[in-house]
Amino acid sequence: MTGQTIFRVALRGEELLNNPRFNKGTAFTVSERQAFGLVGRLPFKVNTLDEQCERAYNQLEARPTAIQKNSFLQSMKSQNMVLYYTLLTRHLRELIPIIYTPTEAVAISDYSHLFRRSEGLYLTFPDQDTMEKDFLEQTKGKNIDLIVCSDSEQILGIGDQGISSAKSVIYSLIGGINPAQSLSVVLDVGTDNEDLLNDHLYVGWPHKRVRGEDYDNFLDKFVQIVRKHFPHSLLHFEDFGVTNAQRILRHYRDSHAIFNDDIQGTGAVTLACLMAAVGVTKSKLSEQRYVIYGAGSAGLGITRQLRDAIVTADSMPEDKANALFYLIDKHGLVARSLNSANMRDDWKDFIQSDEEWNDVKRNDAGEIGLLETIKKVKPTVLIGCSTHAGAFTEEIVKAMAEGCERPIILPLSNPSKLVEVDPKDANEWTLGKALLATGSPFLPVKTSGKDYIIAECNNALIYPGLGFGAIITRSRLMTDTMIIAGARRLASLSPALKDPDDALLPDFADAPEVNFEVSVAVAEQAIEEGVADVDWSKEQAREKVRQHLWRALYGEYVFDENGMS
Ligand SMILES: NC(=O)C1=CN([C@@H]2O[C@H](COP(=O)(O)OP(=O)(O)OC[C@H]3O[C@@H](n4cnc5c(N)ncnc54)[C@H](O)[C@@H]3O)[C@@H](O)[C@H]2O)C=CC1
Ligand SMILES: CC(=O)C(=O)O
Ligand SMILES: [Mg+2]
């Protein structure tokens, strides 16, 4: 798209200025002001987008705290979308941590207090009888390609509303998905967070979380509405609780293009990160021993993703590949002896037999902890998805370093305050030997005078590209092989492949280019395996992705009463 693109717009006057999608503020030209009844509604000066960005950035900079900057940007999003996305694009590296992790976690945890304006669709349990009507009200006349929904149970480990819209922004900013063609949805089935239930300003449904059959029926109603009205859409699930995430993905993924970001997005970005790490250590994924600390949606998603990659790429039988993984959750090592109430069905492929662990110290409850596991297993890879801040202590990190030359340590819990180990400490304790990546952004660290860049292993580095690849090919499904194709492409862009001391993953400043490549890889794979519904070939994927990338540009408006509104 260029600045000359013409949009036929049906809105005039206040309505146009109040519509964030079409509002240009002081950038409306003189002729547009005349045609759209804006002459007296705007100050004299016509600004360029550059001038608007400069002013907005100065205002943003004047806000002293990250959360104030976040609120400012949130307001800007509801006033002028092009300006919002342009500003973010121009200051990507600086502003992603403001609109996404870690600051967004603060905004989400204070959602009801910071609330100014609704975004997307709110579907609430007691209103389920009108769900389809409410859905159609919101999507009338729209061509929706992407639906991002969350039931808010596991929002960045803190539990409140507001994540769907933040994840949608990343899709547009990094992935090039037109925000007019995406819909963010809050599925409000209550909350078990007592603080929220007792907060008279809480904007959600103040009720204990609905579970069991009632929950399943509510969710099913929503999924069937999506399938009926937007059969080619991608349905993105975000931050569902651990008892629902995997179950729901399994239930629906063979009938619609479903994507669970915490399971599959995190699995994919971590697979890419580890492909790069084993490139540095000149070994194979199948030659590692993995300890996964926190075996919930993300931890188990990563485990399965890695296991599947080992089975396909390294031709290892599945049971042998399963045996490379040691899961640890709240009750210690996942072993046969674990009390059945603390065991989860999803862990069944990775349960340790008790005989092998007879010689290992257990706590009073008979559980085996992380340190004991590391001492016995001598893992080469330690991944944290536990929300347990500081769990990787000096003793644990040093034990990792004793067991292998270059321990790969990925403390992935978000936001930053929940990280299992500060990368600076892990780097120091291992004298710079550890290969590190975190879930939230961290500054480079210096050990023995040398700078180490800490890669951000966050699903946002890959999910926009995975999604766009599926959308552009109108894929019926989001298959494992499409996800692996995206992960491989991401891994091939790792800076560490050129310089082993560089970051394991590309920088977020390069996220748009990286996701472009991921989209192409996913689109090629979707066509190759026959889940795509397009009449162009795999060879055309790169050009098609390029043509369809959305960019924030004003274009030129012509009034047309039958135009866009
Ligand atoms: N870097 C990234 O891209 C991503 C990071 N995450 C982060 O990972 C963390 C977990 O997220 P989800 O898997 O979605 O949550 P989840 O609730 O599905 O899983 C958390 C797991 O950790 C376990 N756990 C809790 N306390 C523990 C402890 N003290 N020791 C061992 N295990 C413990 C829980 O029982 C549960 O199985 C969050 O902080 C989240 O922000 C999640 C998705 C993506
Ligand atoms: C990144 C992400 O999806 C999470 O922390 O839940
Ligand atoms: Mg998440």
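Annotations
- Test: residue in the range 316-335 that is over 24 Å from Q288 (Cβ atoms) and either assigned by TED's automatic domain parsing to the domain that holds V397 or in contact with a Cys (Cβ under 9 Å, 6 or more places away or on another chain) (or both): yes
- V531 falls short on exactly one of the conditions (1) outside any helix (DSSP H, G or I); (2) open to solvent by 70 Å² or more (accessible area, probe 1.4 Å), and that condition is (2).
This table checks each residue for (1) away from ligand 2 (no atom under 14 Å from the Cβ); (2) more than 19 Å from F218 (Cβ to Cβ); (3) among the polar types (S, T, N, Q); (4) not in a helix (DSSP H, G or I).
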site: C149; (1), (2), (3), (4): no, no, no, yes
site: I155; (1), (2), (3), (4): no, no, no, yes
site: V169; (1), (2), (3), (4): no, yes, no, no
site: S172; (1), (2), (3), (4): yes, yes, yes, no
site: A180; (1), (2), (3), (4): yes, yes, no, no
site: D199; (1), (2), (3), (4): yes, yes, no, yes
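- Residue within the range 200-208 that is hydroxyl-bearing (S, T, Y) and open to solvent by 10 Å² or more (accessible area, probe 1.4 Å) present: yes
For every residue, the table says whether it meets (1) of a type outside the set (S, T, Y); (2) under 28 Å from G241 (Cβ atoms).
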{"position": "S255", "(1), (2)": "no, yes"}
{"position": "F259", "(1), (2)": "yes, yes"}
{"position": "G265", "(1), (2)": "yes, yes"}
{"position": "A268", "(1), (2)": "yes, yes"}
{"position": "K282", "(1), (2)": "yes, no"}
{"position": "I302", "(1), (2)": "yes, yes"}
{"position": "A313", "(1), (2)": "yes, no"}
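- Of the candidates G279, G294, G265, the single residue that is small (G, A, S), within 22 Å of Q352 (Cα to Cα) and either in the same structural domain as Q352 (by TED's automatic domain parsing) or within 16 Å of ligand 3 (Cβ to nearest atom) (or both) is G294.
- Only one entry of Y122, Y111, Y202 meets the criterion of being within 16 Å of ligand 3 (Cβ to nearest atom), hydroxyl-bearing (S, T, Y) and touching a residue at least 60 places away in the same chain (Cβ under 8 Å), and that entry is Y111.
- Residues in the range 120-164 that are crowded, with 22+ Cβ neighbours inside 10 Å, small (G, A, S) and under 24 Å from L87 (Cβ atoms): 2 in all.
- Criterion (touching a Gly at 6+ places or on another chain (Cβ under 6 Å), of a type in the set (A, V, I, L, M, F, W, C) and either without any contact (Cβ under 8 Å) to a residue 60 or more places away in the chain or open to solvent by less than 10 Å² (accessible area, probe 1.4 Å) (or both)) met by exactly one of I174, I263: I263
- Looking only at residues in the range 322-349 that are open to solvent by 70 Å² or more (accessible area, probe 1.4 Å) and over 27 Å from the mean Cα position of the chain (by Cα), the one that is farthest from ligand 3 (Cβ to nearest atom) is R336.
- Those residues of the range 290-321 which are closer than 21 Å to G390 by Cβ and open to solvent by 10 Å² or more (accessible area, probe 1.4 Å), in sequence order: Y293, G296, A298
- Pair list, Cβ < 6 Å and 6+ apart or interchain, from the range 401-422 residues that are in the same structural domain as L371 (by TED's automatic domain parsing) to residues that are outside any loop (DSSP other than H, G, I, E, B) and away from ligand 1 (no atom under 14 Å from the Cβ): R406/L435; P407/M400; P407/A401; I408/A277; I408/V381; I408/L435; I409/A426
- The listed residues are A470, A389, A485, and the only one of them that is away from ligand 1 (no atom under 16 Å from the Cβ) and either assigned to a loop (DSSP other than H, G, I, E, B) or open to solvent by 10 Å² or more (accessible area, probe 1.4 Å) (or both) turns out to be A485.
- Restricting L60, L95, L38, L87 to residues that are closer than 29 Å to S184 by Cα, in contact with a Phe, Trp or Tyr (Cβ under 6 Å, 6 or more places away or on another chain) and free of Cβ contacts under 8 Å to residues at least 40 places away in the same chain narrows the list to L60.
- Within the range 228-242, the set of residues being away from ligand 1 (no atom under 16 Å from the Cβ) and open to solvent by 30 Å² or more (accessible area, probe 1.4 Å) comprises K228, H229, P231, H232.
- Considered as a group, the residues in the range 243-273 that are within 16 Å of ligand 1 (Cβ to nearest atom) and of a type in the set (S, T, Y) include one that is nearest to the chain's Cα centre (by Cα), and that residue is T266.
Residue-wise test of (1) open to solvent by 20 Å² or more (accessible area, probe 1.4 Å); (2) over 19 Å from the mean Cα position of the chain (by Cα); (3) over 25 Å from A460 (Cα atoms); (4) of a type outside the set (F, W, Y).
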{"position": "E51", "(1), (2), (3), (4)": "yes, yes, yes, yes"}
{"position": "E54", "(1), (2), (3), (4)": "yes, yes, yes, yes"}
{"position": "Y57", "(1), (2), (3), (4)": "yes, yes, no, no"}
{"position": "K77", "(1), (2), (3), (4)": "no, yes, no, yes"}
{"position": "L87", "(1), (2), (3), (4)": "no, yes, no, yes"}
{"position": "R90", "(1), (2), (3), (4)": "yes, yes, no, yes"}
{"position": "T101", "(1), (2), (3), (4)": "no, no, no, yes"}
{"position": "D110", "(1), (2), (3), (4)": "yes, yes, no, yes"}
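- Checking T270 against (1) touching a residue at least 60 places away in the same chain (Cβ under 8 Å); (2) surrounded by fewer than 24 Cβ atoms within 10 Å (Cβ to Cβ); (3) under 26 Å from A523 (Cα atoms); (4) not hydrophobic (A, V, I, L, M, F, W, C), the condition it does not meet: (2)
- Against the list (1) in contact with a strand residue (DSSP E or B) (Cβ under 6 Å, 6 or more places away or on another chain); (2) away from ligand 1 (no atom under 13 Å from the Cβ); (3) of a type in the set (A, V, I, L, M, F, W, C), the condition L173 fails is (1).
The values are calculated or read from the model by the stated rules, or taken from the named source; none is laboratory data. Because the structure is predicted, anything quoted here is derived from the model rather than measured. In this analysis, Cβ positions are derived from the backbone assuming ideal geometry, glycine residues included, and neighbour counts consider all displayed protein chains. In case anyone asks, the SASA skips ligands and DNA or RNA and just uses the protein heavy atoms, side chains included. Shrake-Rupley method; radii C 1.70, N 1.55, O 1.52, S 1.80 Å.
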